[in-house]
1. In the range 566-592, how many residues are open to solvent by 30 Å² or more (accessible area, probe 1.4 Å), assigned to a strand (DSSP E or B) and in contact (Cβ under 8 Å) with a residue 12 or more places away in the chain?
2. Just checking, does the range 305-318 include any residue being of a type outside the set (D, E, K, R), in contact with a strand residue (DSSP E or B) (Cβ under 7 Å, 6 or more places away or on another chain) and part of a strand (DSSP E or B)?
3. Do any helices (runs of 4 or more DSSP H) lying entirely in the range 149-260 carry at least 1 residues that are touching a residue at least 60 places away in the same chain (Cβ under 8 Å), and which ones are they?
4. From Glu310, Glu321, Glu300, which residue is open to solvent by 30 Å² or more (accessible area, probe 1.4 Å), modelled with pLDDT of 90 or more and under 31 Å from the mean Cα position of the chain (by Cα)?
5. Might you let me know whether the range 52-72 holds any residue that is open to solvent by less than 10 Å² (accessible area, probe 1.4 Å), within 28 Å of Pro749 (Cβ to Cβ), part of a helix (DSSP H, G or I) and out of contact with any strand residue (DSSP E or B) (no Cβ under 7 Å at 6 or more places or on another chain)?
6. Give me the residue from the range 417-470 that is outside any helix (DSSP H, G or I) and small (Gly, Ala, Ser) and, out of that set, farthest from the chain's Cα centre (by Cα).
7. Answer with yes or no whether Ala206 is small (Gly, Ala, Ser) and under 20 Å from Ile147 (Cβ atoms).
8. Scan Arg428, Arg445, Arg419 and give me the residue that is open to solvent by 10 Å² or more (accessible area, probe 1.4 Å) and modelled with pLDDT of 85 or more.
Amino acid sequence: MALQLKRYQQDALDALAAFLAGARGCDTQARMQAAFEAARRQAMGENAPLAAYRPFTAEQPAIPVACIRIPTGGGKTLMAAHAIDIAARDYVGTRAPIALWLVPSNTIRMQTLEALKTPGHPYRQALLAHWPDDALTVLDIADCRQIRAHDIGRRAIVVVGTVQTLRVENTAAREVYAYHEDFAPHFATAPDAPFFERVSERDLEAQPYLSRGDLGRIKASFANLLAWHRPIVIMDEAHNAQSKLSLAVLERIRPACVVEWTATPLPDQNVLYAVSAQELKAADMIKLPIVLAPHPNWQEAVRDAVLTREKLAAEAASESEYLRPIVLLQADQKSGAATVDVVKAYLVDQLHVDANRIAVATGAQRELDGVDLFRRDCPIDFVITVEALKEGWDCSFAYVFCTVQNIRSAKDMEQLLGRVLRMPYAKRRASDKLNRAYAQVCGARTAEVANQLADRLISMGFERLEAAQAVQPTLGDDLFALRPVEPAKVETEFEAAPELARALAAVAPAQVRVEPVEGGAARVTVTGAVDAATVDAIVAASPKREREALREQLQRHEARVLAAAAPSERGEVFAPIPQLVLPVQGELRLYEPELLAELADYSLAGLPADLPGFKRAESLRPYLIDIERGRLGVREDSAQYDLGLDGGGVVRREDVIRALDARLRSAAVLQPDMIAWLGRLLDGLQREGFEPAYLLRHLNDLAEAAAARLRELLAAQRDKAFQQSLLPGDRGIRLDGVTGFHFDPQRYPARWLYAGRWRFGKHYYPLPGELKPDIDAEETACAIAIDGLPQVRRWVRNLERQPDAAFWLPTSSDRFYPDFVAELTDGRLFVVEYKGSDRVSNDDSREKDTIGKVWAAASGRRCLFLMATDAKTAGRPVSVQLREAVGS
């Protein structure tokens, strides 16, 4: 059974499906761009930042290219396995695709290949969810000659290789481009197409068994086979494969489409869907925050790593699933003071750790090879390494990261940090201490270490603000207590040339401090909030070559200040928001869409069984092919040849009912009820002159019309039940004083964050999510007005389609997520939905306005609801509408 996808994973794959479906038939860059934009807006929301679309090549704009941005730990390989089916189904139009899965290294290639081939592995199960085992082939690119001509078009074929295998200018030097007898049968019926690579003089030199008679012939190679059958290309770590040579490689194999996956896309990659680190955290995929404890020496760092592990092990003993916290220790190189042997001896001799609990994983010592760290009888609690663990190494039991090295060794630090982020079983743990990761590091300067850790997270796909939130210093000697930092004391340190450092201090003496360091450089310390004008002045005072890096440093500092100032980060609690409940069989239940489905009367017995939208299709005359006057001719057939297939008694009434029932079967409607309704439907159609034979011949049109009518009838029944629940009385909806929604200070899974220059002062989280940066954008202007209300203590930009992380109200069809939720200074709650003039009067808006007002009325004046609109429609500005609603 395939692993159930997380919400963000399914949303990303849905976006891919929408784009590829829309891309079919797009033969120009403009049409492909339109399909890309439509799918992106549908997935990311109307307010999502615009993204340009780069065609595959200017000459081949009809090849769709989409990039999914997902941070480390998000499960991109699992998603990529499902993406093959989406591309095959929604774009290529085949159940037997060829997919070329390209990865950045041989290590990753072997691990991906093994996972895709191993029975029971989630990646293998993802493929088997779409193809049976006997219709699926997974191969290493080195074994591609095992593909037989009869496999093409009959089996789904997934070939795993590295980009480097294909990335070469001299194609004669690589196996994938070489002539092989095994491929000759494939090309027996190959067309004489210009895209095929031909045997050249270089091939004769590289492959002596070829003769000069082969020159110019189609080369029987794997690359040519791909070019002929046009593979679906899955590109892992795609930001590393954007060079001109890499793109030229793809041109050679003529992909049907390209699906890219990366945590850190380049600016010109086609990012169709971006997953935030906060979404991963909300989905229980990663442990956050990282609790940071800097130490003046490596011995203290190692000691506290051991103590942290022991405390976590005690917490893990109470978990329902087996969990054994593991420490990853990064030792010095052989020339350093704290080498592998020294650290291991310290663990054994000074901290009394049994040697069998320690494994060393270095180039020379491979004590993790063949070890299953998830087994209950596995004794290993500590893993010592020097550089990064081997690529793809993954153990979600790793909780504590301890380094005796300088934290600036970026690449190794980044990979080891990524090892401790993954959440065991991808489930939130009962103990909150086990929902965090821990870093015990050398470096007495807390701010410097925290900033460098955050920089490593940015390299792993975190946004600046997410990285700033993710690193939390500990409080004194308590290994688990977090220490909020005052915004005015947030510091960012970096080194600069002395003349530049002095220039920066002269521009902003209140925020910038300069100290000399060894080697002639200067340490620049930026403290507290720096407004946009000061940032611009500091950047302008620096040499042009330094400006981009300097602005990035200051923007990261600004993110840390924002994180420190946010109420959610300072331990403030947002008041619970009451949610509507409904009495059902003597108990009050949260009024969810699923409850309304239970209450609605879906019996079809008393409902109409007509199809007003079903019309007789225009008769299409067949074409007559005959010999006339000695020549073969084709002309439209005349009525004399009409065989009358739409009439006759061969097709029975029950045949049509059975076929329709198979198409329309629904969990909401009992099958006998459905069959009875279909019987009445057919009786009506027959009275209108439709013969059963005609209906069966036009079954697709009939089924579509019947499904649409059924949806309409069931929606009307849901609406009827919904309207009845709004009526006052003992059976109506209410607030019970207990059921309520709580904004989790650690969870705000916005798909993207506000990126404008306006600074909100009262937003509960560091930045609002999913707001346009332009202050004149309607919803953004409404947010600014809410932030400026004196009566507002704190507010939240409520997120769409996040039922576990956002406040919602029920509607007759789904959930309604109001745009803004505010807590007022007098304790009242204020919910605001903004609608532009083009939407304020439609049925959807009226229903939302109704349920919002019912919710507010049920609160006994503790809750307020406003549907705000533009000044022209309302007759007064939004700010006035807000003030009137709160009573000022």
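1. Count: 3.
2. The answer is no; no qualifying residue exists.
3. Details: elements: 163-166, 201-206, 222-229, 244-253.
Result: 163-166, 222-229, 244-253.
4. Of the residues listed, the single one that is open to solvent by 30 Å² or more (accessible area, probe 1.4 Å), modelled with pLDDT of 90 or more and under 31 Å from the mean Cα position of the chain (by Cα) is Glu321.
5. For the range 52-72, residues open to solvent by less than 10 Å² (accessible area, probe 1.4 Å), within 28 Å of Pro749 (Cβ to Cβ), part of a helix (DSSP H, G or I) and out of contact with any strand residue (DSSP E or B) (no Cβ under 7 Å at 6 or more places or on another chain): absent.
6. Within the range 417-470, the match that is farthest from the chain's Cα centre (by Cα) is Ala444.
7. Details: small (Gly, Ala, Ser): yes; under 20 Å from Ile147 (Cβ atoms): no.
Considered against the rule, which asks whether it is small (Gly, Ala, Ser) and under 20 Å from Ile147 (Cβ atoms), Ala206 comes out as no.
8. Numbers: Arg445 fails: modelled with pLDDT of 85 or more; Arg419 fails: modelled with pLDDT of 85 or more.
That would be Arg428, the only listed residue that is open to solvent by 10 Å² or more (accessible area, probe 1.4 Å) and modelled with pLDDT of 85 or more.
The values are calculated or read from the model by the stated rules, or taken from the named source; none is laboratory data. Owing to the predicted nature of the structure, the values given are computational and were not obtained by experimental measurement. Methodologically, a virtual Cβ is constructed for each residue, glycine included, from the backbone with ideal geometry; neighbour enumeration extends over all protein chains shown. Note: accessible area is taken over every heavy atom of the protein model, side chains too, but ligands, DNA and RNA are not part of it. Shrake-Rupley method; radii C 1.70, N 1.55, O 1.52, S 1.80 Å.
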